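Only one structure is covered here, and it is reproduced in the block below.
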Amino acid sequence: MDLIYEPWPWYVAGPLIALVMFVLLLVGKQFGMSSNLRTACAAVGAGKASEFFKFDWKAERWNLMVVLGAILGGFIASTYLSENTVNINSEIAQQLSDDYNIKSAGQAYLPTEIFAAENLANPLNIAILLIGGILVGFGARYAGGCTSGHAISGLSNLQLPSLIAVIGFFIGGLVMIHLLYPIIF
Amino acid sequence: MRYITYLVIGTFFGIIMFKSEAASWFRIYEMFQFGSFHMYGIIGSALVLGVIGIQVIKRKNIKPLNGSEMSLQPKNKSVARYLIGGIIFGLGWALAGACPGPMYVLAGAGYISILIVIFGAVVGTFLYGLIKDRLPH
């Protein structure tokens with residue numbers, strides 16, 4: 001049973017992600033988890049506001065099914081297969097506690113200081129989550145893909161644009177964690 | 001029937017994301033602090049197998065099951081859109097601690113707060129659609 005409850009190591013997860021990509025290729029699709037956001041916009045009528053959302057979104061319903069599956073997978077894994085705690089490098093956990101008063105590493109899956117429902121009363125937390133989401137959505141469409149579309153699919157297909165995008169992901173992430181976190185938190 | 005296939009693929013993907021902790025804010029933070037090999041190992045091993053597999057597909061000219069063409073079109077050439085878009089994405093990835101796949105996984109795991117991130121991501125996508133013609137691509 002421990003094998004199920006323990007976190008899966010990278011050398012199990014990475015190959016399984018590659019398998020997901022190959023299965024999608026075999027059914028004629030490309031692995032990517034952000035284009036469904038565009039499909040969702042189109043489905044609720046954003047085509048009235050921009051040409052970008054005027055396309056045959058019904059042909060893209062398959063990626064909404066993948067999303068539904070991902071939701072289901074999250075439910076199954078968290079309910080039946082996990083103790084929902086994440087242990088990280090102890091020095092990093094200590095630093096999170098010392099610098100940002102985030103003390104839930106090792107005790108929760110997401111930092112309760114930011115994500116616990118009762119902490120949503122803090123407007124700063126709402127702003128962090130909302131702005132984070134907006135940047136992810138905007139950036140993914142501007143760059144034409146996200147972690148799955150560029151870092152996995154695109155790089156696997158040896159696409160230079162994907163390499164540029166992934167370098168961008170890391171520039172953005174490093175700037176946020178190392179330069180902006182000390183200001184925000 | 002085809003929809004069931006995609007539902008199953010998505011479910012499998014969701015379980016992998018959650019169980020590998022790639023959907024955890026802590027792992028994303030740790031990755032950008034270079035505190036563990038874990039996330040690099042996940043992406044790196046997926047990539048090594050991905051590169052090999054796609055080379056095999058191309059050289060053996062393997063077709064999808066329905067006989068159509070593999071979705072492996074080259075991406076449009078540009079630097080600005082990938083670099084600027086990528087940086088904006090990276091800022092959000094590190095701020096919210098989640099990228100698009102894991103957002104849905106976390107919603108399924110019952111984290112109500114992630115719905116704010118998903119709402120933001122839809123808004124961000126919509127904003128891009130509104131102003132895309134005025135951005136360098």
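Annotations for the structure displayed:
- Shown is the FRET efficiency for B:PHE119 and A:THR112, computed with R0 = 22 Å from the Cβ-Cβ distance and rounded to the nearest 0.05: 0.60.
- Using θ = phi - 60° and Karplus 6.51 cos²θ - 1.76 cosθ + 1.60, couplings along the stretch B:55-68 (whole Hz; Gly, Pro as x): 4, 4, 4, 5, 6, 8, 6, 6, 9, x, 4, 8, x, 6
- Taking other Cβ atoms within 10 Å as a rough exposure proxy, B:TYR128, A:TYR80, B:TYR6, B:TYR82 sort from fewest to most as A:TYR80, B:TYR6, B:TYR128, B:TYR82.
- q = 0.09, 0.12, 0.16, 0.18 Å⁻¹: log10 I(q)/I(0) that the Debye formula gives for chain B, counting C-alpha atoms only: -0.38, -0.70, -1.20, -1.36
- Among the residues of A:78-86, the average count of other protein chain beta-carbon atoms within 10 Å of the residue beta-carbon is 4.
- Peptides ranked, highest mean first, by Cβ atoms within 10 Å: ranges A:99-107, A:158-166: A:158-166, A:99-107
- Applying the Kirkwood pairwise sum to the alpha-carbon positions of chain A produces a hydrodynamic radius of 19.1 angstrom.
- Counts of other chain beta carbons within 10 angstrom of each beta carbon in peptide A:98-107 average 1.
- Among B:VAL56, B:VAL48, A:VAL136, the ranking by other beta carbons within 10 Å of each residue's beta carbon, starting with the fewest, stands as B:VAL56, B:VAL48, A:VAL136.
- Taking amide H as placed 1.01 Å from N in the peptide plane, B:SER78 has no amide H partner under 5 Å among residues 5 or more places away or on another chain.
- Projected over every direction and averaged, the convex hull enclosing the alpha-carbon atoms of the protein assembly as shown yields 16.0 nm².
- Across peptide A:174-185, the average count of Cβ atoms from other chains found within 10 Å of a residue's Cβ is 4.
- Sorting B:CYS99, A:CYS146 by the number of Cβ atoms found within 10 Å of their own Cβ, with the fewest placed first, yields B:CYS99, A:CYS146.
- Restricting the GluC sites (Glu not before Pro) of the stretch B:1-77 to loop positions (DSSP other than H, G, I, E, B) with no more than 12 neighbouring Cβ atoms within 10 Å leaves B:GLU69.
- Contact order for chain A, expressed relative to its length and based on alpha carbon pairs under 8 Å spaced 6+ residues apart, stands at 21 percent.
- Expressed per residue, the C-alpha convex hull volume of the stretch A:1-82 stands at 111 Å³.
- Under Karplus coefficients 6.51, -1.76 and 1.60, residue-wise ³J(HN,Hα) of the stretch B:30-39 in Hz, glycine/proline x: 4, 4, 6, 9, 6, x, 7, 7, 3, 5
- With 20 Å as the limit on Cα-Cα distance, the pairs of B:LYS75/B:LYS132; A:LYS54/B:LYS77; A:LYS48/B:LYS132; A:LYS29/B:LYS63 that go past it are A:LYS54/B:LYS77.
- Taking the longest Cα principal axis of chain A as reference, the axis of helix A:123-143 is set at about 40 degrees.
- With θ taken as phi - 60° and the Karplus curve 6.51 cos²θ - 1.76 cosθ + 1.60 applied, the whole-hertz 3J(HN,Hα) list for the stretch B:11-17 is 5, 4, 4, x, 5, 4, 4 Hz, x standing for glycine and proline.
- Each other residue within a Cβ distance under 13 Å of A:ILE88 adds +1 if Lys or Arg and -1 if Asp or Glu, for a net charge of -1.
- A DSSP coil position with no more than 14 other Cβ atoms inside 10 Å describes the following trypsin sites (Lys or Arg not before Pro) in the stretch B:39-133: B:LYS60, B:LYS77.
- Size of the stretch B:74-136 as Cα extents on the principal axes (Å, biggest first): 39, 22, 22
No value in this document is a laboratory result; all are computed from the given coordinates. Just so it is clear, the model here is predicted, and its values are computed rather than measured. All Cβ positions, even for glycine, are placed from backbone atoms using ideal geometry, and neighbour counts span all protein chains on display.
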